[in-house]
1. Could you count how many residues in the stretch 75-86 are surrounded by fewer than 18 Cβ atoms within 10 Å (Cβ to Cβ) and in contact with a Ser or Thr (Cβ under 9 Å, 6 or more places away or on another chain)?
2. The conditions are (1) modelled with pLDDT under 90; (2) on the phi > 0 side of the Ramachandran plot, and Gly41 fails exactly one of them. Which is it?
3. On the given criteria, is Ala197 buried (at least 19 other Cβ atoms within 10 Å of the Cβ), outside the structural domain of Leu97 (by TED's automatic domain parsing), modelled with pLDDT of 85 or more and closer than 20 Å to Arg111 by Cβ?
4. Does Gln11 satisfy the condition of being within 27 Å of Glu189 (Cβ to Cβ) and not assigned by TED's automatic domain parsing to the domain that holds Ala192?
5. Restricting to the stretch 18-56, count the residues that are among the small types (Gly, Ala, Ser) and farther than 16 Å from Arg83 by Cα.
6. Could you check how many residues of the stretch 34-50 are touching an Asp or Glu at 6+ places or on another chain (Cβ under 9 Å) and under 17 Å from Phe71 (Cβ atoms)?
7. Restricting attention to the stretch 12-26, does a residue exist that is polar (S, T, N, Q), within 16 Å of the chain's Cα centre (by Cα) and surrounded by 18 or more Cβ atoms within 10 Å (Cβ to Cβ)?
Amino acid sequence: MIASLTGTVAQVSLDRAVLDVGGVGYLVHATPATLAGLRVGEDVRLHTTLVVREDSMTVYGFAEADEREVFEVAQSVSGVGPRIALAMLAVLTPDALRRAIDAEDTAVLRRVPGIGAKSAQRIVLELSGKLAAPAPDGGSSVPHAAAVPDGRGHVVEALVGLGWSAKVAEDAVGKVLAEAGSDVVVEAEVPATLRAALRRLGPRG
């Protein structure tokens, strides 16, 4: 198993990145939030897992080890493969998913593209007791540091890349920031802002 990769970001696209590790380019699939934190030319360390199929070997990367753990456990549910597990983490943080499981809140799970009412119930049933308890403080506020001028632009760009128009993306990010009482997105808040915007927009189509 490839547990982690440390290297230079060579390329970032909508759902994957290429990491140059000692002259070898690794194609890594990741959530929009993880990809939003990557910059071409910068060094990065990603927690990874290798999914082996008969006709493929695919690397999935995560900014946090906790995300990787949830990704792997989620696939123990019948009918949930890497694509759905990754979509779950694109919309929900690990703790948000844990809270949804604990509360048997299938409505939250149905926000994830590809998860319907029956699959949401199955996820609650089969993941109950398999995930660590959520953090006591469910808040997601992050102390403001120096503002990053293009932080908001990174979020909008990621949403546009996922299929929404620039205006819809701008409006969604604006509403998320208004609810947070802020008008800027600092570097540390890019992933959280993207997740909040995705939850507000809901699944495409």
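The values are calculated or read from the model by the stated rules, or taken from the named source; none is laboratory data. Just so it is clear, the model here is predicted, and its values are computed rather than measured. With ideal geometry, Cβ positions are generated from the backbone for all residues, glycine too; neighbour counts draw on all protein chains shown.
1. Qualifying residue count for the region: 2.
2. (1)
3. Taking the combined requirement at face value, the residue satisfies it.
4. yes
5. Start the filter on the stretch 18-56 by keeping residues that are among the small types (Gly, Ala, Ser), which leaves 22-23, 25, 30, 33, 36-37, 41, 56.
Retained after the next criterion (residues that are farther than 16 Å from Arg83 by Cα): 22-23, 25, 36-37, 41.
Count: 6.
6. Restricting attention to the stretch 34-50, the residues satisfying the condition of being touching an Asp or Glu at 6+ places or on another chain (Cβ under 9 Å) are 34-37, 47, 49.
Pick out the ones that are also under 17 Å from Phe71 (Cβ atoms) and you get 34-35, 37, 47, 49.
Adding up the residues that qualify gives 5.
7. no
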